[in-house]
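Derivation of every value follows stated rules applied to the coordinates shown; laboratory data play no part. Fair warning: this is a prediction, and the values are worked out from it, not measured in the lab. Backbone-built Cβ (ideal geometry, glycine too); neighbour counts: all protein chains shown.
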Amino acid sequence: MSGDEPSRQDADRERIRLLEFQLDHLRSELLHLTHERYRLIYSASGHIYHLLRPIEQRLADAGAAVAAHFRPREGKPAATPAPASPKLPDPAFQTLPARRLLIDVTGTVKRDAGTGIQRVVKEVVRASYCGPDLDIPVLAVRCEAGKLYAANAFAASLGAVTSDPDAEIGIEPGDRFLMLSDSWNAFDELGGVLGRIRAGGGEIVSCIFDLIPELYPHACHEVTVPRYRAWLRKALLESDGFLAISRTVAEELADYVAASGLPHRPGLKIGWFQCGADLAAPATDSPRPKIAAAVAGSAPVFLMVGTIEPRKGHRVALDAFEALWASGMDARLVIVGRRGWFEEAIVARMQSHPEFDRRLFWFDDAGDGELSYLYDRAAALIFPSYAEGFGLPIVEAALRGRPVICSDIPVLREVGRDGAIYFRVNDAEALAAAIRDFASGARAVDPAKALDVSWADSARRIVTVVAREDWLRRLP
């Protein structure tokens, strides 16, 4: 047996354990929905639905008949074009040194949903305009009807000192075009712009936030996976470089593209930067009574921040705290996060839990000031996620002097460094043991040793990679 064989076996066992965890989560969700279906069937509303079901079926049959009328008849099937093989781009244009960095903010200007992506866009642009001098000029731009405009109004809303209108701008030789915003449809919308950038000796750089839909499709919403996979394959052909929001994601991308044999632009460059965490609002002086009550008293409070979705580990956290409560430990678990997907079972479990609103709390609408209030009163942050692109709550907690107890996965090691307590991923017993050791003083860490990055640092790193060609990897 070779020396590498045991490590491969360990890695295989961990992959199997992760798949079993995902399967168990989906099984729990299915059982919950099945029980809800039975409850509906045997309730008054269920009986009403039973009476309406034949009408619904007749309408469905009528719709099917109408659709059938317009289908091609048998024997004359509609022509289906053969799937086109991916066409590798022709690197015919001479690349010039970087002169300017144009940050595309089109998606954020059109639809700011307040998600993490838009948050990164706004903070990087704010830091680029209001922070220290950078290696090359940075300009926020937006696209409209195939033309590029300086996004001055957008920059001004973030604190930039400018009163100039959003005038059309020309593309200059050596421009780098960074698609930092939501770029699901950007390659089609910006096709003409991208062509002119490359014709002028410039390059196209795409930001990638994670590879979760590729690596963990069962953790994602059903709409996300095909959409993401189509985007990634298009981006690999259209981009000269990728910037990931962590070094871990950059390495994952390079390894995944190479191992999967995905077509990509020759000489594809892959680099990274890290997100800042210096934007949090000050703690409110007057939180809602329910939020104040959640942290009142002498019991230690453990805070969990993140959308309710499979990979975030809410089931692991609740299992761990049930074990701690059963052993007599008086501690509180406060969860802050909106509902996501595949969350019906865990939400029902939380809301029906005997400790709900006693030692278990969930807030799906906490503002930044209330979140800061909770951070300031927490004993530690719990972060039991099994897949992340960065892990921003770890940095936010550390900046407030709050220790973190998190899953032992590479990206969280990158962010938490020596300032976090790590436990075996998806292992509720290991999490309970880590919390118990932390509460007793048996395990302690210095939050100051976690990653400390400002958004000014993020902007500087982005520009440095692009302007100085400081890429992590180059693919053949």
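Here are a few things to note about the model shown:
- Long-range HN-HN contacts of residue 363 with modeled amide H, under 5 Å: 335, 336, 337
- Theoretical FRET efficiency, 1/(1+(r/R0)^6), r = Cβ-Cβ of residue 14 and residue 331, R0 30 Å, to 0.05: 0.55
- Relative packing of peptides 155-164, 404-413 - highest average C-beta neighbours within 10 Å first: 404-413, 155-164
- Between region 239-273 and region 340-398, the Cα center-to-center distance that results, in Å: 32
- Flagged links, alpha-carbon separation over 32 Å, of 122/449; 110/449; 269/312: 110/449
- Simple spin-label estimate for residue 222 and residue 474 in nanometres, 7 Å along Cα-Cβ: 4.5
- Taking amide hydrogens as placed 1.01 Å from N in the peptide plane, the amide H of residue 175 sits under 5 Å from those of 99, 100, 202, each at least 5 positions away in sequence or on another chain.
- Treating r as the C-beta distance of residue 144 and residue 278 and R0 as 41 Å, the FRET efficiency rounds to 0.80.
- Taking amide H as placed 1.01 Å from N in the peptide plane, residue 404 has its amide H under 5 Å from the amide H of 381, 421, each at least 5 places away in sequence or on another chain.
- Overall Cα dimensions of region 299-447 - principal axes, largest extent first, Å: 37, 33, 28
- Label-point gap, in nm, between residue 418 and residue 349 - each point 7 angstrom along Cα→Cβ: 3.7
- Label point distance in nm, residue 452-residue 376, each placed 7 Å from Cα along Cα→Cβ: 2.1
- Net lengthening on full extension, residue 341/residue 298 (0.36 nm per residue, minus Cα-Cα): 12.0 nm
- The phi-based Karplus calculation (6.51 cos²θ - 1.76 cosθ + 1.60; θ = phi - 60°) puts the 3J(HN,Hα) values of region 166-173 at 7, 7, 5, 10, x, 8, 9, x Hz, whole numbers, x for Gly and Pro.
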